[in-house]
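The values are calculated or read from the model by the stated rules, or taken from the named source; none is laboratory data. Values in this document were obtained by computation on a predicted structure and should not be read as measured data. Cβ placement follows ideal geometry from the backbone for every residue including glycine, while neighbour counts extend to all protein chains displayed. With ligands, DNA and RNA removed, areas are computed over all heavy atoms of the protein, side chains included. Shrake-Rupley method; radii C 1.70, N 1.55, O 1.52, S 1.80 Å.
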Amino acid sequence: MNEPQDMNRRFGIPGCLSFEEMADGFTVARVTTPFATATVALQGAHVTAYEPKGQASVIWLSKLAKFAPGKSIRGGVPVCWPWFGPHAGNPQFPGHGFARTVPWRLVEAKALPDGRVRLEFELVETEATRAQWPHASVVRNIVTVGQELEVELATTNTGSVPFQLGQALHTYFTVGDIRRATVAGLEGCEYLDKVDGGKRKRQEGPVVFSRETDRIYLGTRGCCGILDPVLDRTILITSTGSRSTVVWNPWIEKAEKMGDFGPDGHLGMVCVETANAAEDVITLAPGATHRMAAQYRVVAAPAG
Ligand code: TA6
């Protein structure tokens, strides 16, 4: 499934969209638009690159990222679904759900009249996924590449009973130096501090980084920004259908332990994740669809 030659025949768009094997059995879509280029892996419908014309890459990808079937990728926009963090009942199940390590199929590829390119993927259910997630559901990930990158995760409950859904677009952003970058827009929000026993705290001022930072902000307002004085830009993050925002940088020790950040890898990235996590998980009624979307755009340089 998802062999490049078959994908090029069915979905290729000259000058806009082509498919290639990035590693054994690992097919990616290469997207080219007048505004930006992007790469999306068929495994996990995982955006691994987004580069607006004339800008440094917005999406960070570790130099040691692995591209192998069933292996999570360090960087890009991992889709955490249908739970966020450890599975509530079974520690054997993968952290952040299985969606990012299984094949998705491309349902539709479109070159839009305004020059953007839109790809719509659907997770391919298997016995293994049903063993972890017995609920009747369909999940699609819609990626639109243009002046901004838009990613929308749409989950439909196709069964007859409600289920609880946790999810995140676990996006890694490129920063010039995490020690000088800040995240604005979360001021006053409550958060669970995962590096302090999950204690509930309240954000004062912008988020600054000088140690391992792992926070689930609750009841967030759908707009925040990464101010980057080194790359002299701000990445604006707007979202809908999300009530939590996760901010994470592993810092030195944790990054080394994870083994796929590379030397000083933590200095060039920050995760700002559009999510429904912790007490903000969604209860989806039969027949309902929940859409969680994030838009990323490089805007004016930070003030001052
Ligand atoms: O979103 C932050 C987090 O939950 C961290 O606690 C850390 O585990 C990170 O996700 C990366 O998780 P991963 O499974 O991709 O290594």
Next on the checklist: What are the extents of the Cα atoms of region 134-173 along their three principal axes, in Å, largest first?
Outcome noted: 40, 17, 12
Item to check | Partners for residue 254 among aspartates and glutamates (Cα-Cα distance below 14 Å; same-chain residues under 8 apart left out) | outcome: 212, 214, 264
Checklist entry - If you plug each phi of region 98-103 into the Karplus form 6.51 cos²θ - 1.76 cosθ + 1.60 with θ = phi - 60°, what whole-Hz ³J(HN,Hα) values come out, in order, with x for Gly and Pro? => result 9, 4, 7, 10, 10, x
Item to check | Paired Rg and Dmax values of region 208-304, which use every Cα atom, in angstrom | outcome: 15.7, 51
Checklist entry - Which one of 24, 228, 193 has the biggest mean-square fluctuation once the chain is modelled by GNM with Cα springs under 10 Å? => result 24
Checklist entry - For the chain, with the dipole built from +1 on Lys and Arg beta-carbon atoms and -1 on Asp and Glu ones, taken about the Cα centre, which of 86, 43, 16 lies farthest toward the positive end? => result 86
Checklist entry - Which of the trypsin sites (Lys or Arg not before Pro) found in region 12-77 are in a DSSP loop and have at most 10 neighbouring Cβ atoms, other than their own, within 10 Å? => result 53
Item to check | Estimated vicinal HN-Hα couplings, Hz - region 79-96 in sequence order (Karplus 6.51, -1.76, 1.60; Gly, Pro = x) | outcome: 8, 8, 6, x, 9, 10, x, x, 5, 4, x, 10, x, 6, 6, x, x, 6
Checklist entry - Over the Cα atoms of the chain, Rg to Rh with Kirkwood Rh, two decimal places? => result 0.94
Checklist entry - To the nearest 20 debye, what is the magnitude of the charge dipole of the chain about its Cα centre, counting +1 on the Cβ of each Lys and Arg and -1 on the Cβ of each Asp and Glu? => result 180
Checklist outcome for this item: Along region 166-175, Karplus-curve 3J(HN,Hα) (6.51, -1.76, 1.60; θ = phi - 60°) to the nearest Hz, with x for Gly and Pro, reads x, 7, 7, 9, 7, 6, 9, 10, 7, 10
Next on the checklist: Probe radius 1.4 Å, ligands and nucleic acids ignored: give me the carbon and sulfur share of the accessible area of region 243-289 as a rounded percent.
Outcome noted: 53
Checklist outcome for this item: Candidates 13, 142, 235; GNM for the chain (alpha-carbon contacts under 10 Å) flags as most fluctuating 13
Checklist entry - For region 116-215, what is the accessible area per residue in Å² when the probe is 1.4 Å? => result 43
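First measure r as the distance between the Cβ atoms of residue 64 and residue 125, then evaluate 1/(1 + (r/R0)^6) with R0 = 30 Å and state the FRET efficiency to the nearest 0.05. Write down the numbers at each step before the final one.
Numbers: r = 31 Å, r/R0 = 1.03.
The value I calculate is 0.45.
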